[in-house]
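The values are calculated or read from the model by the stated rules, or taken from the named source; none is laboratory data. Small disclaimer: the values here were computed from a predicted structure and weren't measured. Here Cβ is always computed from backbone atoms with ideal geometry, including for glycine, and neighbour counts include all displayed protein chains.
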Amino acid sequence: MSSFQNSFQQAIGAPIPHWSARPRPERLTLHGRYCRLEPLDASRHAADLSRAYAQAPDQRGWTYMLAGPFDDAENYRAYAVQAAQGNDPLHFAVIDLSSGLAVGTLALMRIDPANGVIEVGNVMFSPALQRTPASTEAQYLLMQYAFDTLGYRRYEWKCDSLNAPSRQAALRLGFQFEGVFRQATVYKGRSRDTAWFAIIDGDWPAVRQALAQWLAPDNLPAPGRQLRSLAALRAASAA
């Protein structure tokens with residue numbers, strides 16, 4: 001229950017006297033220890049991405065994506081050309097610093113500067129990126145950009161409610177589950193119930209600390225090895 005009241009003794013939300021609309025995200029490069037994010041450019045990234053996605057044993061990774069799967073490299077390139085032209089979603093390619101190759105994409109979308117709300121979506125990571133420090137760092141870099149650079153108040157993650165890997169990934173990264181919107185959309189000829197997750201600015205300091213600690217070299221002494229999990233680090237910071 002809110003502790004704030006108006007002159008009619010009605011409960012109201014907390015005042016934000018100095019709030020102003022946030023800037024829109026820009027096409028810039030974000031640098032990390034394991035990866036960097038570059039604005040998607042089909043001429044630079046599409047061939048790498050098509051090859052990286054082709055390494056998957058099947059096409060199940062596209063089941064819950066709005067686009068795809070793609071039959072060949074040329075069809076994927078055509079999609080990438082179109083995706084790269086938009087500002088919402090604003091697509092980024094994930095570049096693996098160890099290889100210099102583009103190995104996945106993700107986007108900032110449903111951008112609402114007036115209310116300081118932004119969503120990460122269109123997450124498509126190839127086998128070369130999945131379950132690596134770079135995959136976590138890619139998400140961390142966009143969160144940092146949204147909260148620390150642009151000053152957004154709310155950072156959302158939405159997915160098909162049946163997409164168990166996506167739901168698990170959101171929780172691992174520190175998003176809080178907020179509920180399911182039933183029959184929210186229709187895509188690929190089927191109905192979608194949408195699961196909503198979010199991190200708000202009050203959550204962000206603890207989420208940021210846990211992610212930074214997890215990504216630190218002393219926590220990842222060797223490929224595929226972690227000394228402390230993200231969940232353990234968040235629990236420790238909350239204690």
Selection from region 162-172 of residues surrounded by fewer than 20 Cβ atoms within 10 Å (Cβ to Cβ) and either assigned to a helix (DSSP H, G or I) or of a type in the set (Asp, Glu) (or both) yields Ala164, Pro165, Ser166, Arg167, Gln168, Leu171, Arg172
- Message: Looking for something closer than 28 Å to Thr185 by Cα, assigned to a loop (DSSP other than H, G, I, E, B) and among the β-branched types (Val, Ile, Thr) - is there at least one such residue anywhere in region 62-70?
- Response: yes
Flagged in region 12-56 as assigned to a helix (DSSP H, G or I) and among the hydroxyl-bearing types (Ser, Thr, Tyr), in numbering order, are Ser43, Ser50, Tyr53
Exercise. Could you tell me whether region 137-148 includes any residue that is among the polar types (S, T, N, Q), surrounded by fewer than 20 Cβ atoms within 10 Å (Cβ to Cβ) and free of Cβ contacts under 8 Å to residues at least 60 places away in the same chain?
Key: no
Ala195 vs (1) part of a helix (DSSP H, G or I); (2) touching a Cys at 6+ places or on another chain (Cβ under 7 Å): all pass except (1)
Subset of region 119-161, residues of a type in the set (Asp, Glu) and part of a strand (DSSP E or B), comes to Glu119, Glu156, Asp160
Within region 187-236, restricting to residues that are basic (Lys, Arg) and within 30 Å of Pro69 (Cα to Cα), the one that is surrounded by the most Cβ atoms within 10 Å (Cβ to Cβ) is Arg192
Result of the Cβ filter at 8 Å on region 186-205, keeping first residues that are modelled with pLDDT under 95 and partners that are surrounded by 13 or more Cβ atoms within 10 Å (Cβ to Cβ) and outside any loop (DSSP other than H, G, I, E, B), at least 6 apart or interchain, is none
Within region 71-105, the residues that are in a helix (DSSP H, G or I) and touching an Asp or Glu at 6+ places or on another chain (Cβ under 9 Å) are Ala80, Ala84
- request: Return yes when Leu101 is in contact with a helix residue (DSSP H, G or I) (Cβ under 6 Å, 6 or more places away or on another chain) and either within 27 Å of Met143 (Cα to Cα) or buried (at least 19 other Cβ atoms within 10 Å of the Cβ) (or both) and no when it is not.
  value: yes
Taking Val120, is it more than 21 Å from Ala21 (Cβ to Cβ), of a type in the set (A, V, I, L, M) and either buried (at least 18 other Cβ atoms within 10 Å of the Cβ) or over 11 Å from the mean Cα position of the chain (by Cα) (or both)? no
Output for Cβ contacts, cut-off 7 Å, separation at least six or different chains, first residue under 16 Å from Arg44 (Cα atoms) in region 81-99, second part of a strand (DSSP E or B) and hydroxyl-bearing (Ser, Thr, Tyr), reads His91/Thr105; Phe92/Thr105; Ala93/Thr105; Val94/Thr105
Tell me, please, whether a residue that is at pLDDT 95 or above and surrounded by 16 or more Cβ atoms within 10 Å (Cβ to Cβ) can be found in region 10-22.
yes
Of (1) touching an Asp or Glu at 6+ places or on another chain (Cβ under 8 Å); (2) within 30 Å of Gln226 (Cα to Cα); (3) in a strand (DSSP E or B), Gln183 satisfies every one except (2)
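Condition check ((1) of a type in the set (Ser, Thr, Tyr); (2) in contact with a helix residue (DSSP H, G or I) (Cβ under 8 Å, 6 or more places away or on another chain); (3) more than 30 Å from His18 (Cβ to Cβ)) across all residues:
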site	(1), (2), (3)
Tyr155	yes, yes, no
Lys158	no, no, no
Arg167	no, no, yes
Thr185	yes, no, yes
Val207	no, yes, no
Pro217	no, no, yes
Leu230	no, yes, yes
